[in-house]
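These notes are about the structure you will find just below.
All of the numbers you see were taken from the coordinates with simple rules; none came from a lab. Please read these numbers as outputs of a predicted model, since none were measured by experiment. Note that we place each Cβ from the backbone using ideal geometry, even for glycine, and neighbour counts take in every protein chain shown.
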């Protein structure tokens with residue numbers, strides 16, 4: 001019996017030490033990626049290739065979901081605001097919720113599941129088929145050649161995708177509120193312009209997307225590079241990428257929001 | 001995929017993203033309204049501005065003619081100094097009346113300008129002489145209760161006499 005208790009405590013300790021070790025390993029990997037990204041900046045063609053896969057191919061899902069999120073916001077906002085006779089404020093509501101929260105967060109979640117998982121699976125498979133080892137044999141650093149371009153492509157495309165998401169979402173809100181329901185077009189836009197501040201709302205939203213972009217791609221490249229070189233290991237790493245990214249996005253969003261928006265507007 | 005087509009798509013993607021940011025900044029945000037044409041500044045002294053905020057609209061006959069650019073407290077009179085920037089297309093007479101109004105029952109507060117009949121017009125930096133403070137709900141209720149209480153007191157005095 002005491003042996004079982006001891007082994008139970010050992011299990012807890014093992015898990016804690018293991019997860020802290022992984023966190024440290026991930027941070028060192030992140031620093032190494034930053035240090036070795038000189039090559040990808042000099043050979044920018046590598047980044048452009050990855051921008052195509054992470055950015056351009058994510059466009060459709062981002063634009064379509066942005067449109068639907070904006071349209072739903074328009075419907076729900078109208079439904080609630082018309083009770084108070086404030087239906088002309090629906091534009092303000094759609095714009096502020098998209099620019100401050102939903103644009104950055106939902107776009108980052110979609111980006112993690114569309115592009116992040118693809119990055120992890122690709123790097124993990126490269127490891128499983130020993131392509132990374134082959135590169136090292138040829139004195140090509142896999143972090144500089146494979147990891148860094150994917151990281152920078154993700155960091156560049158995330159703010160652009162989130163901006164597109166918000167812009168399309170506001171257009172969706174316009175379609176529902178003005179075209180479908182018939183809210184006055186002039187007050188829709190003018191109330192929005194009166195309430196949305198460039199620095200307080202838009203710049204803070206863009207800062208959020210940069211942070212999310214760094215977090216998601218750093219997690220994705222690390223999980224891929226760290227995956228066990230088996231089919232099972234790659235699939236587990238892909239799942240971990242999506243789960244960890246989602247948790248990181250939502251947690252970071254709370255921290256950033258509490259620093260940025262304190263009711264001083 | 002061909003290298004050139006990939007470059008083309010990435011270029012289109014980057015341009016669309018930057019375009020979306022510009023649209024958000026100019027069409028949705030207030031960056032476009034700051035540089036809208038020439039403007040001149042007017043200053044108004046208010047006893048109490050209530051909930052007036054910077055960037056609140058300045059309206060005349062319901063038409064937006066400018067915005068509040070700054071609000072300060074005068075250390076001499078302890079009045080609120082409201083600085084407004086007015087579109088230079090609109091000129092107002094010297095005896096224009098400025099009051100702080102509320103759009104709707106719980107809407108945002110704005111400055112309403114009611115033009116007077118003077119020949120001379122207000123120039124940049126001029127002070128609006130006639131102003132009317134914001135209606136503060138608590139003060140109104142307080143005054144109402146005070147009036148009621150003093151009425152009852154007078155009634156009571158009349159009875160005892």
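A few notes on this one:
- Helix A:231-260 and the long axis of chain A differ in direction by around 50°, with both axes built from C-alpha atoms.
- Taking other Cβ atoms within 10 Å as a rough exposure proxy, A:200, A:84 sort from fewest to most as A:84, A:200.
- Difference of contour (0.36 nm per residue) and Cα-Cα distance, residue A:5 to residue A:184: 57.5 nm
- 0 to 90° range, to nearest 10: angle between helix B:137-160 axis and chain B longest Cα axis: 10
- Proxy reagent accessibility, fewest Cβ within 10 Å first, across A:152, A:21, B:9: A:21, B:9, A:152
- Ranked for footprinting exposure by Cβ neighbours inside 10 Å, fewest first, B:6, B:129, A:1 give A:1, B:129, B:6.
- Expected 222 nm ellipticity per residue - DSSP helices of 4 or more, -39500 (n - 2.57), all of the protein assembly as shown, to 500: -19500 deg cm²/dmol
- 10 Å Cβ neighbours from other chains, averaged over peptide A:86-94: 1
- With Cα atoms, 0 to 90° folded angle of helix B:3-23 axis to chain B main axis: 10
- Packing rank of B:11-17, A:7-13, B:57-63, where each peptide gets the mean count of other beta carbons within 10 Å, highest leading: B:11-17, B:57-63, A:7-13
- Whole-Å distance, taken between Cα centres, linking the range A:25-77 and the range A:82-149: 5
- D (Stokes-Einstein, µm²/s), Kirkwood Cα radius, chain A, 1.306 mPa s at 10 °C: 78
- For B:6-16, mean number of other protein chain Cβ atoms within 10 Å: 6
- Packing rank of B:145-152, B:87-94, where each peptide gets the mean count of other beta carbons within 10 Å, highest leading: B:87-94, B:145-152
- Take each residue of peptide A:155-162, count the partner chain Cβ atoms within 10 Å of its Cβ, and average: the result is 4.
- Span from the the range A:171-211 Cα centroid across to the the range B:57-76 one, whole angstrom: 24
- Packing, as the average of other Cβ atoms within 10 Å across residues, places the peptides B:38-45, A:54-61, B:73-80 in the order A:54-61, B:38-45, B:73-80, highest first.
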